[in-house]
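For reference, the structure discussed in these notes is given below.
The values are calculated or read from the model by the stated rules, or taken from the named source; none is laboratory data. Keep in mind it's a predicted model, so treat the numbers as computed, not measured. Cβ sites come from the backbone with ideal geometry, for glycine too, and all protein chains shown count toward neighbours. Please note that ligands, DNA and RNA were not included when accessible areas were found on the heavy atoms of the full protein model with its side chains. Shrake-Rupley method; radii C 1.70, N 1.55, O 1.52, S 1.80 Å.
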Amino acid sequence: MAGLLPHRPLLVALACWFGVAVLVVVRPGLLPVWGWGGAVLLGVALADAGLALRRGNPLTARREVRAVWPLGVAQTIGLRLAGGDGAGWVFDRPPVAFAAAARPVAFRVRGGEWTQVHYRLTPTERGEHRFDTVELRLLSPWRLWLTRHRTGETQTVRVYPDFARIAEYSLLATDNRLSQLGVLRRRRRGEGSDFQQLREYRRDDALRSIDWKATAKHRKPIVREYQDERDQRLMFLLDCGQRMRARDDALSHFDHTLNALLLLAYVALRQGDGVGLATFAHAQPRFLAPRKSLDTVQHLLDATYDLQPTPRTPDYLMAAQSLAGRLERRALIVLLTNLRDEDESSLVLALRLLGRRHGVLVANLRETALDAALARPIADFDAALGYAAAVDYRRARRRQWAMLKAQGAQVLEVAPPGLPTALVNRYWEMKRGGLL
């Protein structure tokens, strides 16, 4: 059902008519002019409204949008308008969870033709989200009114963790430009743990890599080339508890963690390692056994796109017991979490259990507020107290790291935005060091 809204020309005409009414008080002779003017304005306005309502909505709207979006990456939405002759403004109805207001976009369509308008929208929450129908505000034939119409269809989109960074990594890796992402692959020529091939000696090859039997046979220097060991296992243990709901920027700590998880999973799969996932601290923990196919990335996306942190407190020991019973082969377990001092007893027992058969890397998110408190200049007594508290908190964290390392675990602490790059760099470091 159409609704009528007065347009600017009608409002301007009404303002002028009321202005004449003020003059009538001073000059009564203008009263007939004012009366006739009002009658004409009313007649024209009613006639224009009748024409607009009789015409109805001659246009159709079709939304062109991708079905799957990466979190935090701006997307372009197209609205295709076609049908009869019409002009006005179009309002889309984006998902409520994105906290994006409907913004009017002006358009003009001539009979038998079509036009398309675009706008940008950044998804701020993972999961399934619904676009409502499109609202049109069409100009009446004499442009005194706007008629409101709803058209088009509702559409559902899925917002996944930021898989766009995987494409960026793949592109830069192809051109050997990973340093632009901050990824530092310090690969030493010919070194690794799995034999790959024999080849001629090159300058800067290590002397210990020379194969003397092959050298004697071919009568020229031949070296044995190795590659990093393949067919290893990487298992993510993802904390879905209350502390992962913290937010230092547009994304929560949990969303930053999922972005890092996906990037490292892709890197490990490209190296021939299997990747799996186990979650804890929520009602229905999820488990994906380690797999080596690149399709695993899609399985991880499907398993995490609708996963949200809960108000629960993480139980590290229970999570470790559940995971240890499911892993048949040795793996590197990457615990993604946000630790506190009160976790120490449960975490120590969990690391002891997992460390019997597996390697463990604890990746902890550091609040950016701590860095800001330590960097803030001390100007008064309150600032001094805040600085002292931050120093004490950092000292407690370092004691906790020493305790974790004593259990044989690798430790990585980083601010949430830097986690993807830092995690990939630590993976390369551990793989080159034979720690997987």
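Figures for the structure shown
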{"item": "The listed residue being touching a residue at least 60 places away in the same chain (Cβ under 8 Å) and either among the polar types (S, T, N, Q) or farther than 26 Å from G56 by Cβ (or both), out of R126, R120", "result": "R126"}
{"item": "Neighbours by Cβ (under 9 Å, 6+ apart or cross-chain): first from segment 421-436, modelled with pLDDT under 75; second among the hydroxyl-bearing types (S, T, Y)", "result": "G434/S193; L436/Y427"}
{"item": "Residues that are open to solvent by less than 50 Å² (accessible area, probe 1.4 Å) and of a type outside the set (V, I, T), drawn from segment 99-118", "result": "A100, A102, F107"}
{"item": "Members of segment 368-410 that are within 15 Å of D343 (Cβ to Cβ) and charged (D, E, K, R)", "result": "R397, R399"}
{"item": "Test: residue in segment 364-374 that is touching a Ser or Thr at 6+ places or on another chain (Cβ under 8 Å), under 21 Å from R352 (Cβ atoms) and either open to solvent by 60 Å² or more (accessible area, probe 1.4 Å) or not hydroxyl-bearing (S, T, Y) (or both)", "result": "yes"}
{"item": "Per-region count, segment 119-134, residues surrounded by fewer than 19 Cβ atoms within 10 Å (Cβ to Cβ) and not in a strand (DSSP E or B)", "result": "5"}
{"item": "Yes/no for L144 being of a type in the set (A, V, I, L, M, F, W, C), open to solvent by 10 Å² or more (accessible area, probe 1.4 Å) and over 30 Å from A303 (Cα atoms)", "result": "yes"}
{"item": "Enumerated strands (runs of 3 or more DSSP E) restricted to segment 271-344, each holding at least 2 residues that are crowded, with 18+ Cβ neighbours inside 10 Å and touching a Gly at 6+ places or on another chain (Cβ under 8 Å)", "result": "287-291, 332-337"}
{"item": "Lone qualifier among Q400, Q407 - being closer than 22 Å to V348 by Cα, open to solvent by 30 Å² or more (accessible area, probe 1.4 Å) and in contact with a helix residue (DSSP H, G or I) (Cβ under 7 Å, 6 or more places away or on another chain)", "result": "Q407"}
{"item": "Filter pass, L423 being surrounded by 14 or more Cβ atoms within 10 Å (Cβ to Cβ) and not in a helix (DSSP H, G or I)", "result": "no"}
{"item": "Residue match in segment 241-252 (condition: under 27 Å from S346 (Cα atoms) and buried (at least 24 other Cβ atoms within 10 Å of the Cβ))", "result": "yes"}
{"item": "Top-ranked residue in segment 210-227 [being open to solvent by 30 Å² or more (accessible area, probe 1.4 Å) and either of a type in the set (D, E) or part of a loop (DSSP other than H, G, I, E, B) (or both); ranked as modelled with the lowest pLDDT]", "result": "R219"}
{"item": "Any pair with Cβ under 9 angstrom, 6 or more apart, that starts in segment 10-33 at a residue that is surrounded by 14 or more Cβ atoms within 10 Å (Cβ to Cβ) and ends at one that is outside any helix (DSSP H, G or I) and not small (G, A, S)", "result": "L10/R143; L10/L144; L10/W145; A13/L144; L14/P6"}
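Okay, residues lined up against (1) over 19 Å from D306 (Cα atoms); (2) part of a strand (DSSP E or B); (3) open to solvent by 50 Å² or more (accessible area, probe 1.4 Å):
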position: V44; (1), (2), (3): yes, no, yes
position: D48; (1), (2), (3): yes, no, no
position: A52; (1), (2), (3): yes, no, no
position: A61; (1), (2), (3): yes, yes, no
position: V73; (1), (2), (3): no, no, no
position: L81; (1), (2), (3): yes, yes, no
position: P94; (1), (2), (3): no, no, no
position: L136; (1), (2), (3): yes, yes, no
